[in-house]
Each structure stands twice: as structure tokens, then as C-alpha cells.
1. Using packing as a proxy for protection, rank 338-351, 17-30 so that the peptide with the highest average count of other Cβ atoms within 10 Å comes first.
2. Between Asp195 and Arg253, what is the spin-label point distance in nm, taking each point 7 Å from the Cα along the Cα→C-beta axis?
3. Figure the gain on full extension for Glu326 and Tyr276 (residue separation times 0.36 nm, minus the Cα-Cα span) and round it to one decimal in nm.
4. Label Ile234 and Arg77 with points 7 Å out from Cα along Cα→Cβ: what is the distance between them in nm?
5. Enumerate the calculated ³J(HN,Hα) couplings along segment 61-69 in order (Karplus 6.51 cos²θ - 1.76 cosθ + 1.60, θ = phi - 60°), each rounded to whole Hz, writing x wherever the residue is Gly or Pro.
6. Expressed in nm to one decimal, what extension gain is obtained for the pair Glu100 and His63 from 0.36 nm per residue of sequence separation less their Cα-Cα distance?
7. FRET efficiency for Leu384 and Ala447, Cβ-Cβ distance as r, R0 = 22 Å, nearest 0.05?
8. Per residue of segment 336-351, what does 6.51 cos²θ - 1.76 cosθ + 1.60 with θ = phi - 60° give for ³J(HN,Hα)? Whole Hz please, x for Gly and Pro, Karplus curve as stated.
Amino acid sequence: MPVNLPFASTRARVALFMSILFLVAFGVSGLATWFALTAPADESTQARLMREMGLITTIYTTHSRPESVKVIQERERRPSGFNFRIGAPSGARLAGDLPEQAYHEGFDTLHWQSDGGKDADGDRDSSTVRIRILTAKTPDGVQLTLGEDMERSRQLQFSFLRTFILTSGAALFIALAVGLSYVSRILRRIEVISDTADAVSAGRMTLRAPLRKPGRRDDIDHLALAMNRMLDEIERLVLSVRQVSDDVAHDLRTPLAHLKQRVETALAGPPDADRYRQALEGASEKIDDVLATFEALLRIGQLEAGANLAAFHPVDLADVAASVVEAYRPSAEDANHQLVLHASREERVSGERSLITQMLANFVENALIHTPAGSTIEIRVEHLGDGVRLTVEDDGLGVADAERDNIFRRFYRVDPSRTTPGSGLGLSLAAAVARAHGAEIRAEDAAPGLRIVVDFPDASLSDSVRFSPASPR
């Protein structure tokens, strides 16, 4: 029985992680700010004491003693006033509220037991106050002492700390709300992709993950796009397997039926060695046709599974085309066809020479079979900006627009009566070779005739851009 662990969901883990991250960040920031404020606060207190000391010293030296005391007492009564003490040269206090004790020139800290009056129970309330003091002497020996309650600085620091905690809490809440909202949107999109994959696994092969508009796509859209491409390929392979099963059953039924008929005919008559030999020779030819069909299917399967990719090396496509034309020229002349090669210079692609030779030979052989006598078959090898193009074009009857996209399917034949020789696997095998080399293959209307175009990637880039040979282009 599955156990639901705490923080098992992605949303909960993200919330926990973000909370810890923000708390740590705010804690470190708060501590750093607190320590950064402590030293400047002490320096600020000393600076204020020095400014005030300069002012009251000026007052004391420019006024009479009674006037000076009066002015200083007025300044003391201000809400932000300082504590002060005026001491005679003998040490006796002349004015001020600072306690009686020995004062030394310069800065010092005074711990003062102040009388705070009565508390709520009627008892006297007293507390120890830390005061930062500055003492100086006038030319006539009078001692001036200023003090500022350091509790004010601490109150300011604690006030900042409270404000910082409140704002940090609000920022944490807002960040969590916005972050979880954004994460929830992302997770919903991922859940849609996951649901799509589950639905496809259940048999709904046509479903695809939704995508946003091209200008708004992000990493999740790229993931969905990659999955859609994978699903397209899976659907293509599934349909191909189904089509191959049907086509194999259909195309092999005829040669096997002929083979059975020959054997039964030979067995039906009286024993005759010559008739048996003829029957066996005919049966051997039919078996060769069946074996050739299975060999072609096996070769296509190997290419689509990625076989021979490790053997790729630079191949001169123009030299391959010249060798194929030279091999088929006698057959073309016998059938009153003309083979023309257009390849002015060396054009290298990355691949396996035997496979590319087989592909081009299938194109040429297909053109020789399906074009009338007197037709011209042209083979072109030309350089493109980012690769090499191979073109095989004839001026025969061509292929209808509705059927042109199907000629690379296994066992597909334009002639429904299947009276022409062949198994319908030649162009399918050629297309598999093209895909194995990362090339784009397509059939076009040559007006008249058929044009097959194969665009190879640049040989220097093909190793870095090579993909699964079964991937549709």
C-alpha cells in the first residue's frame, strides 16, 4: 500500500524550499544590517556629543555663568535634549542632572541608576541607564559634561529590526504566493504533457501535447515539441509496421501461390525428370524473389535502427554518381534510354559509399523500369550553401500529385495491377538510406516526368547534427 510522505508533491517541496531559502536570506541580511548599524550608531552618538559640546562651550565662554546655565537648561528640556553637568574647578556641581562622581576629560560610558518615579503599585521604580558622556574643561577650569542616553540608539535599532521582520514576512508571503502561482502554472503544463503521454500509451496515437505560439515558447514548450516529434515518429513506425504486415501478406501471397502452383502441376502429371527440373528451376526463381524481398525489408529495418552509422566517412558523391551511370549505361542503351550526368567537381558528403551507391542505383533502376523507350534520365550533383544536392530526373509519364508522397512507402506501386517487375521496396530502401545519412528526400513533378531530390548536409557538420535515421525530416 503506497504511503503518502510529507512534502511528496512538487508544489509542497517548492514551497518548503522557497520558505527556507527566503528565511535564510532574510536572516543573513538582517544580521548583517544589525551589525552594520551598531558601529555607526555609536559613532553618530559621539559626533552629536562633540557638536553639542562645541556649542555649549561657545555659549559658556561668551555669556555669564547664570546666562549660560539658563541656556543650557533650556536645551536640556528639549525632547531630544542631552543630560548635562557643570562642575566647578573644585568638583562641586553647579548645575545639571548627571550624578555626582569623578569625571575625566574625553568620552566615557556612565551607568546611571535613574529614579523613574512610582509604578502602578505605588512603589518607586528605578532602572539602570547607560549614558554615553563627553567631558571637557573651559579655560577657567569649569568642567562641562554632556551625556546621551544610549537606549535611544537601541530603540532605533530594535525599531528597525521590528520593521525589517514585518517587511520580510510580507515579502516572504508575497514571494511564496507569486512563486507558487508560477510553479503551479508550470506544473499544470507538465501534467498536460504527462497526461498526453499516458493517453498515447493507452492507444490514442493522434494526441499531441499543446504548444504556445512560437514567440512565447519556453523550455517546457521545447520539451513538448520534442515529445510531439517522438510521438510522430512512434506513430509513423507503428503505422509502418501495420502497413508492412499487410503489404508482406499481400505481396508474398502471389509468388508463393505461383510456387505452389508449379509444384502441384509438376506432381500432378506422370513422373518426368525434365518437367521436375523445370518446376524446380521456376520454384527457385520465385524463392529468390521472396528472399530478395525479405533481404530488402531487413536492410530497411537495419537502416532505420541506426545500423552502419559508425562506418560513415567522407564520400565523393560525384564519383558515386559517375560509377552508377557507368554501370547502368549498357542497360539504358539496350532499352533505348539516355543517361546524362551533370557533376562538374568533387562534392563530399559524410556516409557509407555502398549505401549511397545502392540508393542512387535504385533511383536509376526505377526510372529505367517506369519510363517509356526514348526517355532521358538526368543525374545532377551540385553544391548548396549548406550541403550537397543529388537529383535524379526523367522525362517520362511522371507520378500523379496524389500518389507522389506515397512512392517511398514499402511495397507501394503506382501500377495497381503490379505487372511491372519489382517488389515495391526500391524507393523505400533508398529513402531509408537518405534518412540514415541525415538527408532530406522528396519527389517533385518534373513536368513531365518525376524528379527525386536528396539534400545531404555538409560533411563537416553531419557528425554533429546526425540524428536517428528513423526521424522524419
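Every read-out reported here was derived from the displayed coordinates using simple, explicitly stated rules and does not represent laboratory data. Keep in mind it's a predicted model, so treat the numbers as computed, not measured. So basically every Cβ, Gly included, is an ideal-geometry build from the backbone, and we count neighbours across all protein chains shown.
1. By packing density, highest mean first, the sequence is 338-351, 17-30.
2. With each label placed 7 Å out from Cα toward Cβ, I get 4.4 nm.
3. 14.0 nm
4. 9.0 nm
5. Here the 3J(HN,Hα) series is 7, 9, 10, 6, 4, x, 5, 5, 4 Hz.
6. Difference between extended and current length: 10.8 nm.
7. Calculated value: 0.50.
8. After applying 6.51 cos²θ - 1.76 cosθ + 1.60, I find 6, 10, 10, 9, 10, 10, 10, 8, 8, 8, 5, 10, 9, 10, 9, x Hz.
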